[in-house]
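Here the structure is laid out as structure tokens; the discussion comes afterwards.
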Amino acid sequence: MEWDLSDLYRGPEDPRLWEDLEAALALSGQLDPKALEDPNQAEALLRRYEEALEKAYRPLNYASLYFATRTQDPTAKALLDRVRTRYTEVRNRLVPLEVALRRLPEEAFGRLLEYPGLSDLRHFLERQRAYAPHTLSEREEELLNLKGLVGRSAWSQFYTEYTGRFRFLVGGRERTEMEVRALRRDPDPALRREAHRALYGKLLEEAPTLGAVFNAVYLDYLQDLRLRGYRHPLEPVALRDEVEVKDIEALLEATQAHYPLVERYYLWKAGRLGQEKTPSEDLLAPLGPKPKVPFEEAKAMVLEAFRRFSPEMAAIAAKFFQGRWIDVYPRPGKRGGAFCSGGLPSTHPYVLLNHTDDLDSAHTLAHELGHGVHFYLARKQRLLNFGASTPLAETASVFAEILLDDLLLERMSGEERTLLLAERVEDAINTLFRQVMYTFFERGSLEARREAALAPEDFHRLWQEEQERLYGESVAWTELDRSAWAGIPHFVHYRFYTYSYALGYLVVLALYGRYREEGESFVPKYLEVLEAGESLGPKEILAQAGVELGSEAFFRYGFGVLEDWLKALP
């Protein structure tokens, strides 16, 4: 199944696409910041601001999705480049209004907060205000937006295009990166090792080029920190996510304190494999026969898992198949990995997969459909309240995977159940512990970049130090493993996004715990968390479901669940 993007535009030549961009440009040039001083005028002004954003983002969303399945197509590249340039023009025309809102005199800003017509935007307004100390002049903000076209955004696109061309000869035929990564979970040890050598050998070979990309995006971020007056590299991330830097540091420290759980698991796995240590080529090795899960079977299982929890959730997920809002299989030119694009309140989400007919792909389907349900329910909000803040971004996706596992565990017993429990622990390690390891690596390499550009050997060394700290004495590494950092796109596309997977995972465990305690009465509370979008801060949204984000109990409960899973392993 390939997705149908016609709900957005009929194709790259659809005149409506360019009409929307022109309308966005016209609207964005007619927004007088002085209207913010009158709450009644401000209400109308912000609705026009939303309209401009919508008309600009819809073409960008389409162009990005179109490019995602055609990364080597010159037409797709040109379209994305042209649309991104136009989108930046719109964003630049909106800068005066955004700067004025952030710098509005306290008395005038207070009138906006008290005005009934803006009551549903109170959180948005407060969020804008929080950026005031780090907002530059109109001209400077415009220049930074323009710089982004040839800086961060350009490097991000280059990385996607460049790595999208990688091909690997494994098992006697040419394969894409995602196919090779899937083979690292293959039951055949020889094939796993061949895939390991091909993947990390290629990354080692390409480290000079990919390292140059890392150096460029790191320098771009360091310049932004200096220009905007941030005192800590995590400060813009904390501001974006509506937490404190100390909250992020507490998460990193609490997770690192539980690193011995990872070492404990991989020593257990080594024993199952008949080894003293787990070979790095076998980190993802199945411990027993892995079922083949064709896409139709995965689809049926995921919908059943959703239905058992909430018929509404299952009905929304079914729309993705009925409307072809999903692109399923890997093919040449298609970007690797998987994602859910949330779209707009007036549209609907789209999901990209690279399904390889195994249980991991079934979990990925559950994960991305969880995101899809989240975005679909958040469409009840207006555009300025749409989406999900980073701490809640994985709330539905990881929860959906646990729902799928619950269904599977009920169907299994004995060795099958042990194997799935082991997979659940490995998923926790990959979603929680490895993401924190990534954050430590990113922070360390970013700090090193302050002094000078990093050579590939510098990246290799920092990466291996973090790997050894996480896994302790439980893994036997190869020389090629040092290059794995170069194949993680999050380090290029975002700054410090990986920590949010860890935070999101602990949020999910807390919500899941409430569900186990309360049963069906919890379901409406959970769906309200998803429907809330960004109408409130994450702490407020979670408090309504009985979860206190970042508390000592929050961490204790989350890691306690993981310890219980480990204890259940024979």
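The values are calculated or read from the model by the stated rules, or taken from the named source; none is laboratory data. Note that this is a predicted model, so its numbers are computed, not measured. Counting neighbours? That spans all protein chains shown, and the Cβs are built from the backbone with ideal geometry, glycine included. All accessible areas refer to the heavy atoms of the entire protein, side chains included, with ligands and DNA or RNA removed. Shrake-Rupley method; radii C 1.70, N 1.55, O 1.52, S 1.80 Å.
Here are the numbers for the structure shown:
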| quantity | calculated |
| --- | --- |
| Shape of the stretch 217-337, Cα gyration tensor, a/c cut at 1.5 | oblate |
| Kirkwood Rh and Cα Rg combined as Rg/Rh, the stretch 404-541 | 1.07 |
| Debye, to nearest 20: dipole size of the chain, +1 on Lys, Arg Cβ, -1 on Asp, Glu Cβ | 880 |
| Fraction of accessible area attributable to carbon and sulfur, the chain (%, probe 1.4 Å) | 49 |
| Global geometry of the stretch 367-426, whether rounded, prolate or oblate, following the gyration tensor of its Cα atoms and the 1.5 cut on a/c | prolate |
| 1.4 Å probe accessible area per residue over the stretch 406-520, in Å² | 37 |
| Surface per residue (accessible, 1.4 Å probe) for the stretch 155-218, Å² | 41 |
| All Cα pairs of the chain, percent lying beyond 32 Å | 47 |
| Gain upon complete extension [residue 451, residue 276; 0.36 nm per residue less C-alpha separation] | 59.0 nm |
| Ordering of 508-515, 335-342, 5-12 by packing [mean C-beta count within 10 Å, highest first] | 508-515, 335-342, 5-12 |
| The chain: calculated mean residue ellipticity at 222 nm from DSSP helix runs of at least 4, using -39500 (n - 2.57) | -21000 deg cm²/dmol |
| Gyration tensor (alpha-carbon) shape descriptor, the stretch 208-257, a/c threshold 1.5 | oblate |
| The stretch 134-167: GluC sites (Glu not before Pro) falling in loop per DSSP and having at most 15 other Cβ within 10 Å | none |
| Note, ³J(HN,Hα) from phi for the stretch 378-391, Karplus 6.51, -1.76, 1.60, rounded to Hz, x at Gly and Pro | 5, 5, 5, 8, 6, 4, 6, 10, 7, x, 8, 5, 4, x |
| Charge tally in the Cβ shell below 13 Å around residue 545, where Lys, Arg are +1 and Asp, Glu are -1, residue 545 excluded | -3 |
| 11 Å reach of a label modelled at residue 113, 7 Å along Cα-to-Cβ, counting backbone N of the stretch 134-169 | none |
| Test item: Cα-centred dipole of the stretch 391-460, Lys/Arg +1 and Asp/Glu -1 on Cβ, debye | 220 |
| Residue 278 long-range amide H proximity, modeled H, under 5 Å | 270, 475, 476 |
| Gain in span if fully extended, residue 473 to residue 551, counting 0.36 nm per residue against the direct Cα distance | 25.0 nm |
| For the stretch 462-570, Kirkwood radius (reciprocal of mean inverse C-alpha pair distance, Å) | 16.8 |
